[in-house]
Amino acid sequence: LVPGTYNAADMGYADYGGGAAGGHEHHGMSIAELTGPKTGTPDVSVTLVARKEKKGLAGYTLNGTSPGPLIRAESGDLVEVTLVNESVRDGATLHWHGIDVPNAEDGVAGVTQDAVPVGGRHVYRFRADDVGTYWYHSHQVSSDEVKGGLFGPIVIAPKTPGEVLATIHTYDGKRTINGQTGSQRVDLPAGTTARVRVINADNAILRVGLTGAPYKVVAVDGREVNGPTPVSKAYALAAGGRVDLEAVVPSGGMRLVAGTAALSLGIGPVDPPSAELPGETVDLLSYGTAKGIGMDPAKADRRFEYRIGRRIGFLDGIPGLWWTINGHMFPDVPMYMVAEGDVVRMKITNTSGQAHPMHLHGHHAVVLSRNNVAATGSPWWTDTLEVGNNETYEIAFRADNPGVWMDHCHNLPHAAEGLMTHLMYT
Ligand code: C2O
Ligand code: CU
């Protein structure tokens with residue numbers, strides 16, 4: 001099974017029930033609200049050429065590199081990206097991971113568009129409404145194409161003198177920062193306030209952090225943290241997730257460490273000494289200062305359960321131990337049905353024996369609790385939430401972006417093994 005090659009319309013769907021009638025009218029969707037702006041001169045216009053070619057560790061490139069080029073926009077910009085597929089045999093798309101674009105721009109092959117065949121092109125247009133750190137990647141046979149190199153960073157914010165970008169990815173068993181193994185350095189004067197934008201383009205959670213200076217976790221998955229305080233801990237970055245770390249560059253430099261000190265990025269006027277990350281990890285449940293979330297989850301219009309398990313069965317006729325959602329195996333996984341305007345509350349439990357970084361397209365959810373312990377820190381908005389084995393999370397989001405949206409594990413081989421479903425607007 002390859003993600004994106006099934007027909008979404010063939011999938012059964014069901015309301016999981018439990019939702020109090022929300023009182024929202026069924027008002028359907030208009031085509032205009034599903035697509036990006038059709039007219040208007042783009043503020044940012046980029047063409048990305050996808051190729052199957054061996055370059056360094058990568059097997060696929062965008063404009064001859066992997067990661068692909070940084071796309072930068074500012075808040076409110078109209079962004080236009082043309083994907084040209086020169087030689088990716090299975091076809092390719094571009095998904096704007098974490099950017100809540102209109103549905104038709106979401107780049108999911110088999111759901112919002114057909115994969116762009118060799119010789120074809122596709123134009124994506126969307127308004128860059130939310131400032132933050134994001135990434136883009138192909139969403140066709142994702143587990144192969146992302147691993148091989150069809151991805152890159154996209155930042156919505158003006159460039160600051162202290163900006164450092166670190167896209168972490170493993171190609172063929174070798175982990176890299178911005179495509180390079182080993183130790184690198186970015187030259188920044190002491191005293192600069194550095195904002196280190198870290199993107200985890202891998203399939204597994206990774207401990208990252210700055211050594212040599214205390215730092216603040218200033219944004220998670222593109223959303224600013226309220227009242228961040230300095231920490232000297234590591235940060236557990238979910239696969240697909242992003243984190244922005246902020247610190248004042250000390251005269252001796254500091255270092256972004258990705259997993260172990262063997263893979264790191266020195267930041268400062270001199271190369272800082274190598275050091276491993278502290279053992280302790282920042283807990284976002286209680287980090288930062290509480291603040292309103294703009295909705296009342298106690299009065300949710302829908303309450304869903306998302307129970308991740310595993311059982312023996314057949315997937316595309318192949319026997320195996322496959323992932324299940326509420327006991328069902330893909331493609332017999334019911335969709336989650338919502339109406340525009342709903343406050344949706346979802347309880348995710350995982351007893352599958354492994355951790356899963358769960359990614360909901362088109363929306364940001366706020367974490368309400370973990371293992372029944374309520375969140376007390378800054379509102380923790382996320383689009384990619386690591387749900388460990390035997391963990392339970394309660395999240396809430398507003399259904400404010402009509403369409404059909406994937407909700408899947410971002411350990412991409414797991415998605416290919418059936419750990420995916422959809423959020424569908426009535
Ligand atoms: Cu970053 Cu559906 O993926
Ligand atoms: Cu998974």
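Got at least one residue in region 118-126 being closer than 30 Å to LYS38 by Cβ, modelled with pLDDT of 95 or more, surrounded by 23 or more Cβ atoms within 10 Å (Cβ to Cβ) and more than 16 Å from ligand 1 (Cβ to nearest atom)? Scanning region 118-126 turns up no residue that is closer than 30 Å to LYS38 by Cβ, modelled with pLDDT of 95 or more, surrounded by 23 or more Cβ atoms within 10 Å (Cβ to Cβ) and more than 16 Å from ligand 1 (Cβ to nearest atom). Scan (1) out of contact with any His (no Cβ under 8 Å at 6 or more places or on another chain); (2) farther than 19 Å from GLY68 by Cα; (3) away from ligand 2 (no atom under 16 Å from the Cβ) for the single condition ARG223 breaks and write down its number. Every condition holds for ARG223 apart from (1).
To keep it simple, each residue is scored yes or no on (1) in a strand (DSSP E or B); (2) under 18 Å from LEU277 (Cα atoms); (3) assigned by TED's automatic domain parsing to the domain that holds HIS414.
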site: ARG175; (1), (2), (3): yes, yes, no
site: ALA190; (1), (2), (3): no, no, no
site: ALA204; (1), (2), (3): no, yes, no
site: GLY209; (1), (2), (3): yes, yes, no
site: ALA213; (1), (2), (3): no, yes, no
site: VAL217; (1), (2), (3): yes, yes, no
site: VAL243; (1), (2), (3): yes, yes, no
site: ALA247; (1), (2), (3): yes, yes, no
site: SER251; (1), (2), (3): no, no, no
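Every residue, every condition in (1) away from ligand 1 (no atom under 16 Å from the Cβ); (2) in contact with a strand residue (DSSP E or B) (Cβ under 9 Å, 6 or more places away or on another chain), yes or no:
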site: THR324; (1), (2): yes, yes
site: ASP332; (1), (2): yes, no
site: HIS361; (1), (2): no, yes
site: VAL373; (1), (2): yes, no
site: CYS409; (1), (2): no, yes
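Remark: pairs (first residue in region 83-95, farther than 12 Å from ASN63 by Cα and among the polar types (S, T, N, Q); second residue assigned to a loop (DSSP other than H, G, I, E, B) and within 16 Å of ligand 1 (Cβ to nearest atom); Cβ separation under 8 Å; 6+ apart in sequence or on different chains) = THR93/GLY4; THR93/GLY107; THR93/VAL108; THR93/ALA115; THR93/SER138; THR93/HIS139; THR93/GLN140. Can you confirm whether GLY191 is of a type in the set (Gly, Ala, Ser), more than 18 Å from LEU70 (Cβ to Cβ), out of contact with any Ser or Thr (no Cβ under 6 Å at 6 or more places or on another chain) and buried (at least 16 other Cβ atoms within 10 Å of the Cβ)? Criteria not met by GLY191. Checking the structure you have, find out if any residue of region 24-32 is closer than 18 Å to VAL108 by Cβ, part of a loop (DSSP other than H, G, I, E, B), hydrophobic (A, V, I, L, M, F, W, C) and modelled with pLDDT under 95. Yes: region 24-32 contains one or more residues that are closer than 18 Å to VAL108 by Cβ, part of a loop (DSSP other than H, G, I, E, B), hydrophobic (A, V, I, L, M, F, W, C) and modelled with pLDDT under 95.
When region 369-419 is limited to residues that are assigned to a loop (DSSP other than H, G, I, E, B) and among the hydroxyl-bearing types (Ser, Thr, Tyr), the one that is surrounded by the most Cβ atoms within 10 Å (Cβ to Cβ) turns out to be SER378.
Criterion applied to VAL146, VAL88 was being modelled with pLDDT of 95 or more, within 16 Å of ligand 2 (Cβ to nearest atom) and buried (at least 23 other Cβ atoms within 10 Å of the Cβ), and the one residue passing it is VAL146.
Conditions tested, residue by residue: (1) under 17 Å from the mean Cα position of the chain (by Cα); (2) of a type in the set (A, V, I, L, M); (3) not assigned by TED's automatic domain parsing to the domain that holds TRP322.
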residue	(1), (2), (3)
LYS347	no, no, no
GLY353	no, no, no
PRO357	yes, no, no
LEU360	yes, yes, no
ASN372	no, no, no
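The values are calculated or read from the model by the stated rules, or taken from the named source; none is laboratory data. All figures in this text were calculated on a predicted structure; none of them were measured in a lab. Virtual Cβ from ideal backbone geometry, glycine too; neighbours counted across all protein chains shown.
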